[in-house]
């Protein structure tokens with residue numbers, strides 16, 4: 001007897017995370033296939049710390065800002081929690097992030113909350129809102145070129 005079929009939300013979330021973890025990153029149209037046309041992103045944190053924090057952004061703008069400022073290595077997604085009733089998936093991931101202008105890098109654990117919409121401009125489930133909780137302090141210190149100094153114990157500012 002076959003087991004239960006996988007959750008369509010889990011399938012959609014793992015497909016998105018597989019796309020986002022590709023190195024080098026895929027072209028923006030490949031990423032956008034996972035989102036509704038009106039999808040937004042919100043990365044939690046003070047907007048003064050980094051240009052992608054603390055503001056609701058259209059998905060294309062968010063990923064363009066990220067690409068202009070960050071690169072990554074070894075991004076992996078290790079845990080998924082599916083809320084079928086509310087059409088949400090929580091995802092925990094890890095990776096190494098590099099602020100491109102300074103070269104400062106850090107390892108971090110981050111969490112996504114993916115709000116899914118049925119159909120959403122195509123077949124299946126698409127992300128309508130993408131929220132991120134990550135290490136905004138490390139991103140800020142990397143942006144201003146002080147992360148390496150803090151990591152080495154030489155000071156914090």
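The length gained by stretching the chain between residue 154 and residue 101 to full extension, at 0.36 nm per residue less their Cα-Cα distance, is 17.0 nm. With 0.36 nm allotted per residue and the present C-alpha distance subtracted, the residue 61-residue 73 stretch has 2.2 nm of extension available.
Helix content alone sets the calculated 222 nm mean residue ellipticity of the chain: runs of n ≥ 4 DSSP H residues at -39500 (n - 2.57) each, divided across all residues, give -7500 deg cm²/dmol. Relative to the longest principal axis of the Cα atoms of the chain, the long axis of helix 59-69 lies at roughly 30 degrees.
Tilt of helix 8-20 relative to the longest C-alpha principal axis of the chain, in degrees (0 to 90, nearest 10)? That works out to roughly 30 degrees.
Highest average first, the peptides 140-153, 86-99 ordered by how many other beta carbon atoms sit within 10 Å of their residues are 86-99, 140-153. Modelled spin-label separation between residue 133 and residue 46, with each label point placed 7 Å from Cα along the Cα-to-Cβ direction: 1.9 nm.
Laboratory data are not the source of any read-out in this text; all were calculated from the coordinates shown. Note that the structure is a prediction, hence the values are computed from the model and not measured. Using ideal geometry, Cβ is built from the backbone for each residue, glycine included, and neighbour counts are taken over all protein chains shown.
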